[in-house]
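Single-structure report; data block below.
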Amino acid sequence: MRVLFLISGKNVPSSRFRVLNYLPFLKQAGISCTVLASYPEKYEHIPWLGYRLSYLLKRITRYLHYLYACLRPFDLIFIEREIFDVPAYDMELLFLNRPAKCVLDIDDAIFLRYPEKFQVLAEKVDLLIAGNQNLCAVARKYNDRVRLLPTSVITGKYPLKDFSQPPTTKPVIGWTGLDTNITNLKLVVPALNRLAEQYEFTLCIISATPEPIAELELEGVEVRHLAWSPETEYQDLSAFDIGIMPLEDDEWSRYKCGLKLLQYMALGIPAVASPVGVNAEIIEQAENGFCADNTEAWYAYLEQLLTSPELRKQIGLSGRNTVEEEFDVERNSQHLIQFLEKTVDGTTAE
């Protein structure tokens with residue numbers, strides 16, 4: 001089987017976790033994988049070129065990819081999320097009109113941003129893969145060939161926290177994500193400010209730039225910023241003692257796939273998250289993590305974890321076990337392989 005993957009970029013989370021992490025396992029199964037990425041990456045631009053010319057360059061790059069697809073005998077074309085983050089879908093249709101079977105993979109509610117685009121693409125593809133059940137439910141309105149593939153991690157790449165070492169005197173509460181999502185931390189700021197009056201801890205934020213942190217109104221909280229880097233990602237996350245994932249309970253967030261929560265859990269880091277969307281399904285309350293839906297709950301669960309190294313270990317190990325059993329790429333690659341094979345064969349991919 002020859003598969004062409006059209007991805008957003010090597011550093012884009014959806015590309016990394018929905019496609020690139022699976023490639024070694026697909027290749028082991030004898031699947032020939034060709035990956036073509038947006039240039040510049042889908043959500044980026046070249047500063048000296050500007051936004052408009054950068055977008056033009058992206059279109060030229062994708063036209064070259066289309067010509068390449070026309071010249072090679074691919075059995076299946078796999079579109080990760082969408083080709084361009086715009087309402088137009090002419091480029092997607094070029095690839096979808098090729099003789100090869102087509103797959104669309106989604107891990108966010110793109111139908112909220114571009115409803116017409118999503119409907120057209122969803123109805124036309126031979127298979128639609130979604131990252132959680134909420135996304136599947138919407139996708140099934142337009143296509144009955146929808147399959148669940150939860151966003152997963154390569155657990156073996158995440159070093160399990162060494163609980164044999166004495167706990168640090170100043171625990172680290174950590175968050176990682178895009179600059180645009182730092183605003184979600186406002187949900188937990190009142191609890192953090194209150195905790196800082198009673199306990200010593202450091203709040204570590206991993207993101208592209210530190211500027212958005214200034215808007216959080218953290219009072220008395222020791223804050224450390226680390227610039228996200230693919231080279232140091234696992235090492236930087238491993239410094240956390242507690243991971244947090246606050247989310248606004250809005251329509252967009254209800255369709256998210258809980259990636260940062262899974263990363264914390266894979267490292268054996270106990271996590272506290274808002275019970276929004278798939279988070280409430282991943283977390284078994286007080287077993288493998290905590291869900292907090294108000295300031296009092298955030299304060300209570302963070303206080304418990306800050307003051308009890310043994311509880312951090314217990315919750316952290318349970319979280320790691322959850323990821324190994326349900327959200328591991330190697331395990332879930334078998335489902336993806338089956339989906340792709342049955343789509344090419346023209347049978348139902350169960």
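The C-alpha radius of gyration of region 87-143, expressed as a fraction of 2.2 N^0.38 Å, stands at 1.06.
Peptide packing: for 300-311, 153-164, the average count of neighbouring Cβ atoms within 10 Å per residue gives the ranking 300-311, 153-164, highest mean first.
Would you mind calculating the relative contact order of region 1-56 from Cα pairs under 8 angstrom and at least 6 residues apart, reporting the percent as a whole number? Dividing the mean separation by the residue count of region 1-56 yields 42 percent. The value obtained for region 145-282, namely the Cα convex hull volume divided by the number of residues, is 127 Å³ per residue. Seen from a random direction on average, the alpha-carbon convex hull of region 189-268 projects onto 6.2 square nanometres.
Checking the table LYS117/LYS141; LYS10/LYS42; LYS157/LYS342; LYS157/LYS260; LYS101/LYS141; LYS170/LYS260 against a 18 Å threshold on Cα-Cα, which pairs fail?
LYS157/LYS342; LYS101/LYS141; LYS170/LYS260
As a length-normalised measure over Cα pairs under 8 Å and 6 or more apart, the relative contact order of region 249-348 settles at 28 percent. Rounded to whole Å, give me the distance from the Cα center of region 113-160 to that of region 26-59. Centre-to-centre (Cα) distance: 21 Å. With distances taken between every two different alpha-carbon atoms, region 121-166 has a Kirkwood hydrodynamic radius of 12.9 Å.
Helices in the chain, meaning DSSP H runs of at least 4 residues, each add -39500 (n - 2.57). Divided by all residues, the mean residue ellipticity at 222 nm is -11500 deg cm²/dmol. Taking Cα atoms only, the orientation of helix 309-326 departs from the longest principal axis of the chain by about 10 degrees. Shown is the FRET efficiency for LEU64 and ASP345, computed with R0 = 30 Å from the Cβ-Cβ distance and rounded to the nearest 0.05: 0.50.
The mean sequence separation of alpha-carbon pairs under 8 Å and at least six residues apart, normalised by the residue count of the chain, gives a relative contact order of 16 percent.
How fast does region 1-144 diffuse by Stokes-Einstein, in µm²/s, taking the Kirkwood radius from C-alpha pairs at 10 °C and 1.306 mPa s? D = 102 µm²/s.
Under the convention that each Lys and Arg Cβ holds +1 and each Asp and Glu Cβ holds -1, the size of the dipole of the chain around its Cα centre is about 1460 debye. The modelled label-to-label distance between ARG140 and ILE213, using points 7 Å beyond Cα along the C-beta direction, is 4.4 nm. With 10 Å bins beginning at zero, the pair-distance distribution over Cα atoms of the chain amounts to 5, 24, 32, 23, 12, 3, 0 %. The aspartates and glutamates within cross-link reach of LYS161, meaning a Cα-to-Cα straight distance under 16 Å and a gap of 8 or more places when in the same chain, are GLU233, ASP236, ASP241, GLU310, GLU324. For region 287-350, the pair-distance distribution built from all alpha carbon pairs, in bins 5 Å wide starting at 0, is 4, 15, 15, 14, 12, 9, 8, 9, 7, 6, 2, 0 percent.
For region 212-323, just list the percent of Cα-Cα distances falling in each 10 Å bin from zero outward, please. Cα pair-distance distribution for region 212-323, in percent: 14, 43, 38, 5.
With K and R counted +1 and D and E -1, the other residues having a Cβ less than 12 Å from that of MET1 yield a net charge of +1.
Read-outs throughout are calculated quantities, based only on the coordinates presented, and are distinct from any laboratory measurement. Source: prediction; values computed, not measured. Virtual Cβ from ideal backbone geometry, glycine too; neighbours counted across all protein chains shown.
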